[in-house]
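The values are calculated or read from the model by the stated rules, or taken from the named source; none is laboratory data. For clarity, every value in this text was computed on a predicted model and none was experimentally measured. Every residue, glycine as well, gets a Cβ built from its backbone with ideal geometry; the counts of neighbours run over all protein chains shown. Calculation scope for accessible area: heavy atoms of the full protein, side chains included, ligands and nucleic acids excluded. Shrake-Rupley method; radii C 1.70, N 1.55, O 1.52, S 1.80 Å.
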Amino acid sequence: MQRYYFDHNATTPVSPEVLEAMMPLMTDVYGNASSIHHFGQRARQALDQARRNVATLLGAIPEEIVFTSGGTEADNLALFGIARDGHAITTTVEHPAVLSAASQLGSVTLVPVDGRGVVDPEAILKAIRKDTRLISVMHANNELGVIQPVEEIAKIARDAGVAFHSDGVQAAGKVPVNVPKLGAQLYSISGHKFYGPKGVGALYVKKGMALRALVYGGHQERDRRAGTENVAGAVGLGRAAQWIVEYGSDERTRVEGLRDRLEQGILDRVPDSYVNGAGAKRVPNTSNVRFDGIDTEPLLIALDLKGFAVSSGSACSSGAAEPSHVLKAIGLTAEQARSSLRFSLGRSNTVEQVDALIDAVVESVARLRKLAPVYVSSITRRTSQTRHAEVSDAESMPSAPGAVR
Ligand code: PLP
């Protein structure tokens, strides 16, 4: 059976050019980048080039890049490195890598978002206290793809003299990123979200910014992250970044076309389906759709059986019984949150795959709704009401704020 991958926000495959770039580091170039002999120096050169490539992707200078073990560590390094004992401000829709880390700080204020998933910069301003050390607001949300007004928030932070971190794990590779222009002093990225390897990421730390380390040991990464460098991983991340710089723009346009085709196809053919986060600026590859009257778990399985890999939320929370905190934060009821699916597109997807996925969704949703004892389509409800026919006592399911089709 052919299998099609529509879960690129969970992770992406390592691209051929990334693998090719990494291979020598797994074989011949095995020196420790801190060693002064030839073997070490070859590794050091590769690491330096990787740092330059990542810096170019972010509009940064190489010494502003700290390699980490991924997005989670980059987020933790930013939060603990700046605000370990102080007050931090973040939002209710952050990834657990920020939310859980923030809960371990001295104190934290969680700012809510609107029905589209967008945070109001004014609300961030109001949350600033005398002891606020850090504001952390994600650039793009992993579940909805919604882009936050980070430039405005960065300005507010700058005016208040507070450090600003943005989790860019779901933005880098999907939208152009120029961190100095965004105004963030700290910015996290992760290799496996844009065709690099898993287990490597980076934190951009603006030059001159004092940052306390999270991991202590040797003097690697200018004392900001101890431990022998993962040179192969860094080279993979660097090559992935280089690809984005060269070809990212065309690919973004292509993927956006596919995402829009998928969304329109579903909305046109599946009654009572709504795009969560619609109306907000979004990354081009993500679509989070609510299908009233069904549970996503069986829908996800039905699609998997037809060969389509999609997600019921972030990879970390799918499989958990709790409905997504992001969908609850935009005002969905637990039931509505449990009837939402995330489609995240990427390089391997084609028009044919998208059309086949639409057919599969239409068929699966219709079949599951037939099996659902309480589901009565809002269209049927409206028609039967006009006819004064007896209407079933099915629970009414109003659309949530922001859940515009
Ligand atoms: N931040 C966001 C927004 C994410 O989507 C993820 C991963 O899903 C992370 C952080 C964590 O990154 P990593 O998997 O590299 O630890």
Subject >> Cross-chain or 6+ apart pairs with Cβ under 9 Å, the range 30-56 first and within 13 Å of residue 202 (Cα to Cα), then of a type in the set (Asp, Glu) >> reply: 47/229; 51/63; 55/63; 55/64
**OP:** Mind checking which helices (runs of 4 or more DSSP H) fall wholly inside the range 71-149 and carry at least 1 residues that are closer than 13 Å to residue 186 by Cβ, open to solvent by 30 Å² or more (accessible area, probe 1.4 Å) and within 13 Å of the ligand (Cβ to nearest atom)?
**Re:** 71-83
**OP:** Could you please find all residues in the range 5-22 being outside any loop (DSSP other than H, G, I, E, B) and surrounded by 14 or more Cβ atoms within 10 Å (Cβ to Cβ)?
**Re:** 5, 7, 17, 18, 19, 21, 22
**OP:** Kindly provide the set of residues from the range 151-179 that are within 20 Å of residue 102 (Cα to Cα) and within 13 Å of the ligand (Cβ to nearest atom), ordered by number.
**Re:** 165, 166, 167, 168, 169, 170
Subject >> the range 31-51, residues that are open to solvent by 80 Å² or more (accessible area, probe 1.4 Å) and outside any loop (DSSP other than H, G, I, E, B) >> reply: 38, 39, 42, 45
Original post:
Exactly one of (1) touching a residue at least 24 places away in the same chain (Cβ under 8 Å); (2) touching a Gly at 6+ places or on another chain (Cβ under 9 Å); (3) not acidic (Asp, Glu) is unmet by residue 147. Its number?
Top reply: (2)
**OP:** Report yes if residue 174 is closer than 25 Å to residue 20 by Cα, open to solvent by 10 Å² or more (accessible area, probe 1.4 Å) and either touching a residue at least 12 places away in the same chain (Cβ under 8 Å) or not acidic (Asp, Glu) (or both), otherwise no.
**Re:** yes
**OP:** Identify, from the list 150, 137, 146, 175, the residue that is more than 17 Å from residue 71 (Cβ to Cβ) and among the hydrophobic types (A, V, I, L, M, F, W, C).
**Re:** 146
Subject >> Residue check, residue 52 within 26 Å of the chain's Cα centre (by Cα) and basic (Lys, Arg) >> reply: yes
Original post:
Inside the range 52-70, can you point out the residues that are away from the ligand (no atom under 15 Å from the Cβ) and open to solvent by 30 Å² or more (accessible area, probe 1.4 Å)?
Top reply: 52, 56, 59, 61, 62, 63
Subject >> Matching residues in the range 129-162 - criterion: being small (Gly, Ala, Ser) and more than 19 Å from residue 72 (Cα to Cα) >> reply: 154, 157, 160, 161
**OP:** Collect the residues in the range 1-33 that are among the acidic types (Asp, Glu) and over 19 Å from residue 350 (Cβ atoms), keeping them in residue-number order.
**Re:** 17, 20, 28
**OP:** State whether one or more residues within the range 214-229 are free of Cβ contacts under 8 Å to residues at least 40 places away in the same chain, open to solvent by less than 20 Å² (accessible area, probe 1.4 Å) and either in a loop (DSSP other than H, G, I, E, B) or closer than 30 Å to residue 20 by Cα (or both).
**Re:** yes
Subject >> Pick from the range 78-99, criterion in contact (Cβ under 8 Å) with a residue 24 or more places away in the chain and among the charged types (D, E, K, R), ranking: farthest from residue 113 (Cα to Cα) >> reply: 84
Subject >> Filtered residue count, the range 180-211, keeping only those that are within 16 Å of the ligand (Cβ to nearest atom) and not in a loop (DSSP other than H, G, I, E, B) >> reply: 13
